[in-house]
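The structure under discussion appears below in the form of structure tokens.
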Amino acid sequence: MTQTIAYITLLVRDYEEALAYFTRVLGFEIIEDTVLANSERWVLIAPRNSQDTRLLLERAVGPEQVSQSAIKWEDVSFFSCTLMTSGAITAS
């Protein structure tokens, strides 16, 4: 049986700030952006052309969560791996 992780939740200060960074700087695509109750949203993004990797953005609520999400976007790093036909894995 193959197991996969469907989504990884990322806590963000602000949906629009996070979407701007991920789409404009990193080239991610918006998979879904649905407004829910109480000004919450279901915001699912993915690297362009990715079939498996998904990030679910969750807006920080309250001072404690906001301080936990207070990262500089330029300090965020992502690694992508490509499985080569020989079976070797390369990272970029």
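The values are calculated or read from the model by the stated rules, or taken from the named source; none is laboratory data. Quantities reported herein were computed from a predicted structural model and do not represent experimental measurements. Neighbour counts run over all protein chains shown; Cβ positions are idealised from the backbone, glycine included.
Condition first: in a strand (DSSP E or B), within 13 Å of the chain's Cα centre (by Cα) and under 13 Å from Arg59 (Cβ atoms). Now tell me which residues in region 1-49 satisfy that.
Step one: filter region 1-49 for residues in a strand (DSSP E or B), giving 8-12, 28-35, 41-47.
Filter once more, so that each one left must be within 13 Å of the chain's Cα centre (by Cα): 8-12, 28-33, 42-47.
Residues satisfying the conditions are Thr9, Leu10, Leu11, Val12, Asp33, Trp42, Val43.
Being surrounded by 10 or more Cβ atoms within 10 Å (Cβ to Cβ), among the polar types (S, T, N, Q), touching a strand residue (DSSP E or B) at 6+ places or on another chain (Cβ under 6 Å) and modelled with pLDDT under 90 is the requirement here; does Ser80 meet it? It is false that Ser80 is surrounded by 10 or more Cβ atoms within 10 Å (Cβ to Cβ), among the polar types (S, T, N, Q), touching a strand residue (DSSP E or B) at 6+ places or on another chain (Cβ under 6 Å) and modelled with pLDDT under 90. Checking each residue in region 12-60 for being among the acidic types (Asp, Glu) and surrounded by fewer than 17 Cβ atoms within 10 Å (Cβ to Cβ) picks out Asp14, Glu16, Glu17, Glu29, Glu32, Asp33, Glu40, Asp52.
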